[in-house]
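Colleague: Have a look at this one.
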Amino acid sequence: MTMKSSRVLTTFVLLLSMSSCEEPFPPYSEPEGVLVGELSAVTPDTVDVYFDDLSGLYYVTSQLVFNVTMTNVYNDLLQGEALIDGEVSAQSFSAIPRVVLVRLTPSTLLQPPVFQGGLSLPPGSTASFSTLWIPYATDGKIVFDGLPFTMVGTAKLYSPISFSATARVQIFERVQPIEFGQVEFEIVFRDIPIDSPS
């Protein structure tokens, strides 16, 4: 090999090694589609409410519950810093449509436990929330306020109000929140005077 060809080969190898060193690693991205959510509503057909003149608020005697689950459908353990945040949005459909927002917080998380700020979710396991809610809308009014009613004895009976609920939830800091739901249900509200028997 001549001196000239040796220099050309050395220069080529040097350029090749420099280009391979400068090539950036692809940025790390968290896997997508690893969580699947499910939303359910547990409500009686008829909900009794009482208006308190002193506080100016309605009190609900029935339990209205939203249950939310997030299932790990990834084939590996999901583990990392917990970021428990979300809400259920329930849209009412009536002559006066309203939106009820129900927050999901660490206190509404039933399982798994958050340990030292972290959360672990093995494949196929779920994180579950359960939260009570009251039918006060974002405008500060109860959902049936201003709607027509029928008197039944001393109570005001409001025709069934249809709702459609969706959820938006995040449980891991590095996994994006997901939206899911579209649960539909109806509630008849019965406004009973506070001094009347139910």
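Colleague: Which trypsin sites (Lys or Arg not before Pro) in region 81-176 sit in a loop by DSSP (not H, G, I, E or B) and have at most 13 other Cβ atoms within 10 Å of their own Cβ?
Modeller: Hits after loop and neighbour filter: R174.
Colleague: Long-range amide H contacts for A155: which residues qualify at under 5 Å (H placed 1.01 Å from N, peptide plane, sequence gap of 5 or more or a different chain)?
Modeller: Under 5 Å from the amide H of A155: no residue qualifies.
Colleague: Once you sort the root eigenvalues of the Cα gyration tensor of region 122-169 as a ≥ b ≥ c, which label holds: rounded (a/c under 1.5), prolate (a/b larger than b/c) or oblate (the other case)?
Modeller: Judged from the Cα gyration tensor, region 122-169 comes out prolate (a/c at least 1.5, a/b above b/c).
Colleague: To the nearest whole percent, what portion of all C-alpha pairs in region 32-192 is separated by more than 26 angstrom?
Modeller: 36 percent
Computed from the coordinates by the stated procedures, all read-outs in this text should not be read as laboratory data. These numbers were taken from a predicted model, which means no experiment stands behind them. Every residue, glycine among them, receives a Cβ derived from its backbone with ideal geometry; neighbour counts consider all protein chains shown.
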